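Chemist: This is the structure I want to talk about, given as structure tokens.
The values are calculated or read from the model by the stated rules, or taken from the named source; none is laboratory data. Note that the structure is a prediction, hence the values are computed from the model and not measured. When we count neighbours, we look across all protein chains shown, and the Cβ atoms used for this are built from the backbone with ideal geometry, even at glycine. Only protein heavy atoms, including side chains, enter the accessible area calculation; ligands, DNA and RNA are left aside. Shrake-Rupley method; radii C 1.70, N 1.55, O 1.52, S 1.80 Å.
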Amino acid sequence: MRDCFYITTPIYYVNDKPHIGHAYTSIASDVLARYQRLRGLSCYLLTGTDEHGQKVAKSAEKAGETITNFTDRFAGNFLSMAERLNISHNDFVRTSEERHKICAQAFWRKLEERGDLYDKLYAGWYAVRDESYYDVSELVEGSDGTRRAPSGAEVEWVEEPSIFFRLSKYRDALLSHYDAHPDFILPRTRMNEVRAFVEGDLWDLCVSRTTFSWGVPVPNRSNHVMYVWVEALTNYLTGLGFPDSSSSLFKYWPADLHMVGKDIVRFHAVYWPALLLSAGLDLPRRIFAHGWWTNDGEKISKSLGNVIDPLELIASYGLDRVRYFLLREVPFGEDGNFSHSAIVRRSNEDLANGLGNLCMRVLSLVERGWKGRIPPCGELRDEDRALLETFRQAESLLQKRIEVCSFHLALDGIFGCLAEADRYITREAPWALLKNSSDKTRAGTVLYVLCDCLRMAAIDLQCFMPASMSQLLTMLGVSETARDFSSRATRLEEGGRLVDVQAIFPRLEREDK
Ligand code: ME8
């Protein structure tokens, strides 16, 4: 078994500011990366920005800025978004960097050596917003009666001398790969969509442009720049030092997971594997295409003025509430609707009333009865053992759920255990036991059990809410070296000192926002 793991986010276009959708993909990828590291794997997480192509060039022109100024500014926004979201990326690739140009051109040469590239005039439809070619059969009629891409983007007729990639040659190889790896694309419903596309008329793909120059030049072909998607996909190799085969990072290839939104599944599940087959490189192990966020039921778009800024959300609610909400509210893979009232409700019900309240009840009793030291664990009764067992066994379920990106179920499982702990504390009523000195040993045992359960829950929740769970583990006196999954099976030290106990996740009052 490999002891390393490689996860990528899409590289985001720098034509605009980051919004909640970008934050969502990055947070989900980060949760997985942190989870794998807590399991002891060396996990590499790559993110970055997609800076070439017509869409970015046009946006810079519209803003009246030089392309370099414009891309520097927006790439800076994406980098700072990653930092503000506490994304634990190992590298951030900008496609305007020299190392990316070297990688993309080396990759291109491999396709050329394989004899998979040929010259032809492209005459067809193109959507700049999607940076995507469409066959006429795919176009739909927009509400204004014009021809549109299935995404709703405007399309234009393009005719230009181009270079094509023999995508059709890889049709059978792709289909057999999907057959042999039914979980190559998750959720499985997306696999059906991809398969239908490949089984249909799989045309060769146009991979160079000659009507503008903002891109990576095609080697030895003046006037041609690479089609932005072909070049952008190679960022996943740039991040590992390709084409330098001696790069110590190349051990991470192939990617274990390309995390993407459902809008770009075709590029990752059809074009990218075909290109990799041509280049003689291993295929990624999995592509997960998550769903789409809307705002109060409406598509998020700049023209509707309803773009949700993740930095504003963090400022209003705090980062970990936002991270929790995004992954708990909607089954990962399905579409979801954002509303301020929903985030307040989730935060109050689960984090304030659930986890926060339980922590405060337990820790304040420990402070009161044992001067802030973890009480000794007396003889365990069946009910104590049952609760501890519930938490111990939760780990394998968590693993199964996280490995298929079922974040909502993973969280649901952990909060189910916490609800069990809540019922236990109500039943055992340690506050009542504490009133009677002869019951103090029993009260201590109950609180010990609860502290140990909180420790396990906090370990499990670290990948979702790293800062607040690190704070909780510190409060419980768990050392920094005992917070990974291998330490989960140990026990909390009796007599250990609680540190700096304070309320986590106080209630939010703004239900009306
Ligand atoms: O497509 N809901 O970049 P991009 C959920 N540069 N996720 C959303 C979303 C929404 N409303 N809006 C955006 C590109 N996303 C290319 C990628 S990769 C080699 C090149 C997320 O800036 C989602 O992950 O348009 C989607 O796939 C991605 O942002 C698109 O970002």
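Chemist: Based on the alpha-carbon gyration tensor of the range 12-112 and its eigenvalue square roots a ≥ b ≥ c, which shape applies: rounded if a/c is under 1.5, prolate if not and a/b is larger than b/c, or oblate? If you can, show how the numbers build up before the last one.
Modeler: Values: a/c = 2.68, a/b = 1.33, b/c = 2.01.
Cα axes put the range 12-112 in the oblate bin.
Chemist: Quick one: ranking 110, 62, 120 by accessible area, 1.4 Å probe, largest first, what do you get?
Modeler: From most exposed to least exposed: 62, 120, 110.
Chemist: Another question, then. With point charges of +1 on the Cβ of Lys and Arg and -1 on the Cβ of Asp and Glu, referenced to the Cα centre of the chain, which listed residue (479, 28, 229) lies farthest in the positive direction of the dipole?
Modeler: Most positive-ward Cα: 479.
Chemist: Oh, and also: Could you please state, rounded to a whole Å, how far the C-alpha centre of the range 339-367 is from the C-alpha centre of the range 442-463?
Modeler: Their Cα centres are 15 Å away from one another.
Chemist: Next question, about the same structure. How much accessible area per residue does the chain have, counting only protein heavy atoms and a probe of 1.4 Å, in square angstrom?
Modeler: With the other protein chains kept in place, the chain gives 42 Å² per residue.
Chemist: Name all residues of the range 257-281 having a backbone nitrogen under 15 Å from the label point set 7 Å from the Cα of residue 120 along its Cα→Cβ direction, giving them as ranges.
Modeler: none
Chemist: Order the following by accessible area, largest value first: 66, 390, 71. Probe radius 1.4 Å; ligands, DNA and RNA are ignored.
Modeler: Ranked list, largest accessible area first: 66, 390, 71.
Chemist: Run the numbers for residue 143 and residue 438: contour at 0.36 nm per residue of separation, minus the present Cα-Cα distance, in nm.
Modeler: 98.5 nm
Chemist: Something else: Taking amide hydrogens as modeled 1.01 Å from N in the peptide plane, which residues meet the under 5 Å criterion relative to residue 164, leaving out close sequence neighbours?
Modeler: The list, which skips near neighbours in sequence, is 118, 119, 120, 207.
Chemist: Accessible area of residue 437, 1.4 Å probe, to the nearest 10 Å²?
Modeler: Here the accessible area works out near 100 Å².
Chemist: Can you list the HN-Hα couplings for the range 313-328, worked out from phi with the Karplus curve (6.51, -1.76, 1.60; θ = phi - 60°), rounded to whole Hz and with x for Gly and Pro?
Modeler: Working through the residues one at a time gives 4, 4, 5, 7, 10, x, 4, 5, 5, 5, 4, 4, 4, 4, 8, 8 Hz.
Chemist: Considering only DSSP states other than H, G, I, E and B, which trypsin sites (Lys or Arg not before Pro) in the range 330-434 qualify as loop sites with at most 16 other Cβ atoms within 10 Å?
Modeler: For trypsin sites (Lys or Arg not before Pro) across the range 330-434 that sit outside H, G, I, E and B with at most 16 neighbouring Cβ atoms in 10 Å, the list reads 371, 381.
Chemist: Compute the relative contact order of the chain as a whole-number percentage, counting only Cα pairs closer than 8 Å that sit 6 or more residues apart in sequence.
Modeler: Averaging sequence separation for qualifying contacts and normalising by length gives 15 percent for the chain.
Chemist: Give the accessible area for residue 4 in Å² (nearest 10); use a 1.4 Å probe, count only protein heavy atoms, and leave out ligands, DNA and RNA.
Modeler: Accessible surface of residue 4 is approximately 10 Å².
Chemist: Per residue of the range 45-61, what does 6.51 cos²θ - 1.76 cosθ + 1.60 with θ = phi - 60° give for ³J(HN,Hα)? Whole Hz please, x for Gly and Pro, Karplus curve as stated.
Modeler: 10, 10, 9, x, 10, 9, 10, 9, x, 5, 4, 5, 4, 5, 5, 5, 5
Chemist: A further question on this structure: Going by amide H atoms built from the backbone, whose H comes under 5 Å of the H on residue 295, apart from near neighbours?
Modeler: For residue 295, the qualifying residues are 300, 338.
Chemist: Sticking with this structure for a sec: Provide the gained length on full extension for the span residue 298 to residue 1, in nm with one decimal, where the gain is 0.36 nm per separating residue minus the Cα-Cα distance.
Modeler: This chain segment gains 102.4 nm when fully extended.
Chemist: Starting from the 7 Å offset along Cα-to-Cβ, what nm value, one decimal, do you get for the label separation of residue 172 and residue 285?
Modeler: Placing both labels 7 Å beyond Cα along the Cβ direction yields 2.9 nm.
Chemist: Rank by packing, highest mean first: peptides 257-265, 240-248, 226-234, with packing defined as the count of other Cβ atoms within 10 Å averaged across residues.
Modeler: 226-234, 257-265, 240-248
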